[in-house]
1. Taking the stated definitions as given, is residue 69 without any contact (Cβ under 8 Å) to a residue 12 or more places away in the chain and closer than 18 Å to residue 277 by Cβ?
2. Taking the criterion of being under 13 Å from residue 315 (Cβ atoms) and of a type in the set (Asp, Glu), would at least one residue in segment 266-288 satisfy it?
3. Given the structure, is residue 58 in a helix (DSSP H, G or I), within 16 Å of ligand 1 (Cβ to nearest atom) and surrounded by 13 or more Cβ atoms within 10 Å (Cβ to Cβ)?
4. Contact list please: Cβ distance under 7 Å, first residue in segment 191-213 and in the same structural domain as residue 277 (by TED's automatic domain parsing), second residue among the polar types (S, T, N, Q) and surrounded by 22 or more Cβ atoms within 10 Å (Cβ to Cβ), pairs at least six apart or on different chains.
5. From the set of residues in segment 278-291 that are surrounded by fewer than 24 Cβ atoms within 10 Å (Cβ to Cβ) and touching a residue at least 24 places away in the same chain (Cβ under 8 Å), which is farthest from ligand 1 (Cβ to nearest atom)?
6. Would you pick out the residues in segment 37-47 that are crowded, with 16+ Cβ neighbours inside 10 Å and among the hydrophobic types (A, V, I, L, M, F, W, C)?
7. Being of a type outside the set (D, E, K, R) and more than 16 Å from ligand 2 (Cβ to nearest atom) is the filter; apply it to segment 153-176 and report the residue that is surrounded by the fewest Cβ atoms within 10 Å (Cβ to Cβ).
8. Residue 295 versus (1) within 16 Å of ligand 1 (Cβ to nearest atom); (2) outside any loop (DSSP other than H, G, I, E, B); (3) of a type in the set (D, E, K, R); (4) over 24 Å from residue 35 (Cβ atoms): which is the lone unmet condition?
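The values are calculated or read from the model by the stated rules, or taken from the named source; none is laboratory data. Keep in mind that what you see is a predicted model, and the values were worked out from it rather than measured. Neighbour counts run over all protein chains shown; Cβ positions are idealised from the backbone, glycine included.
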Amino acid sequence: MRVNYMILPFLLLFFSHASIADWAKKRASIMGTEVAVEVWHEDSAKAASAVDSVMQEMQRVDHLMSTHKETSALAKINRLASAGPVKVGAELFGLIDKSLKCSEKTHGAFDITYASVGYLYDYRHASRPQQSEVESALQAVDYRLISLDADKQTVTFKREGMRIDLGGIAKGYAVDQSIKILARQGIRHARVTAGGDTRVLGSRLGRPWTVGVRHPRASKKMVAVIPLMDEAISTSGDYERYFDESGIRYHHIINPETGDSAREVRSVSIIGPKAVMTDALSTSVFVLGVESGLELINSMDDYEAIIVDKSGSLHYSTGLEQFQSANEPEGSHNNLIPSLLASVN
Ligand code: AMP
Ligand code: MG
């Protein structure tokens with residue numbers, strides 16, 4: 001049995017490699033943002049193919065829900081729904097329905113018809129509408145003007161000039177879809193990020209994942225690093241897409257009441273089980289501001305918030321405050337939740 005002894009070292013080498021198999025990682029530009037996926041599986045071929053299936057899923061959701069792609073089902077709604085009912089597939093219908101429920105829950109702070117005025121802003125070219133144009137476009141901003149027929153699966157706009165955009169919820173949805181696909185493939189450790197929306201599956205091989213909340217005015221600095229397992233985190237910031245004009249920042253999160261950028265806060269991070277919810281809630285709380293935003297999050301069992309307000313101070317939902325005061329050793333600043341900085345000025 002000499003041969004067997006000879007292959008033993010190679011076998012050992014193989015198994016030790018299998019147990020520390022590399023993470024399969026990929027980045028791509030999809031949905032107008034950066035998508036990043038990290039997956040671990042002892043069979044590295046399985047990990048690599050799982051990463052590819054996430055990228056395919058992101059592309060699929062983008063083709064369905066993009067406002068920029070003429071051929072998307074969402075673009076079709078925007079072209080035709082003011083003239084009459086437009087039939088849509090169950091998935092898109094479901095996400096529009098969820099968006100309307102978020103509008104009700106946030107008293108209209110989250111409103112996908114924001115796009116009726118939002119499309120007039122061009123952040124890349126630093127261009128914005130006149131106040132008169134904003135006022136006239138605002139007549140088409142109201143989620144109650146969207147009519148959904150659940151039996152016929154149709155969407156109708158009740159007013160001319162209406163547009164919808166799922167930019168505040170679709171990335172979170174795509175991240176949840178990705179996690180579902182990974183779990184179905186037997187993956188137990190993964191992180192999926194699309195722009196400001198991240199969800200992690202399991203641990204990072206025994207240790208929690210850590211997701212940073214960046215400083216809204218210094219891209220290299222963190223205001224917090226959050227340990228997470230089987231959870232999602234979304235951050236909405238006024239630094240993502242914007243231009244400054246005469247000292248005023250015009251950015252991509254629109255207050256549906258004014259048609260202007262929401263101005264009460266600089267960034268909002270929401271932590272909770274579902275990325276579709278953390279995504280919609282981060283946009284919502286950005287519009288609601290500190291007081292109403294925290295009131296909303298504190299009324300929801302599974303969700304927590306970290307807000308950087310317009311003067312740079314940090315605010316937390318009650319779940320994080322308790323965690324913070326229970327764990328913070330005096331004067332210490334390790335950079336996890338227990339020692340979130342009090343201000344980021
Ligand atoms: P997020 O990337 O989650 O911070 O959300 C910002 C995106 O949500 C914007 O780029 C818009 O596509 C969309 N959005 C902006 N304002 C609103 C709003 N009031 N309600 C719903 N979606 C919005
Ligand atoms: Mg969001």
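1. Details: without any contact (Cβ under 8 Å) to a residue 12 or more places away in the chain: yes; closer than 18 Å to residue 277 by Cβ: no.
Judged against the criteria, residue 69 is not a match.
2. Looking through segment 266-288, none of the residues is under 13 Å from residue 315 (Cβ atoms) and of a type in the set (Asp, Glu).
3. Values: in a helix (DSSP H, G or I): yes; within 16 Å of ligand 1 (Cβ to nearest atom): yes; surrounded by 13 or more Cβ atoms within 10 Å (Cβ to Cβ): yes.
Criteria met by residue 58.
4. So the pair list comes out as 211/198; 213/235; 213/269.
5. 290
6. 37, 39, 40, 47
7. Quick first cut of segment 153-176, residues of a type outside the set (D, E, K, R) only: 153-157, 161-162, 164, 166-170, 172-175.
Within this subset, residues satisfying the condition of being more than 16 Å from ligand 2 (Cβ to nearest atom) are 153-157, 161-162.
On the way: 153: 16, 154: 17, 155: 25, 156: 19, 157: 24, 161: 13, 162: 22.
Restricting to residues being of a type outside the set (D, E, K, R) and more than 16 Å from ligand 2 (Cβ to nearest atom), the top hit is 161.
8. Failing condition for residue 295: (1).
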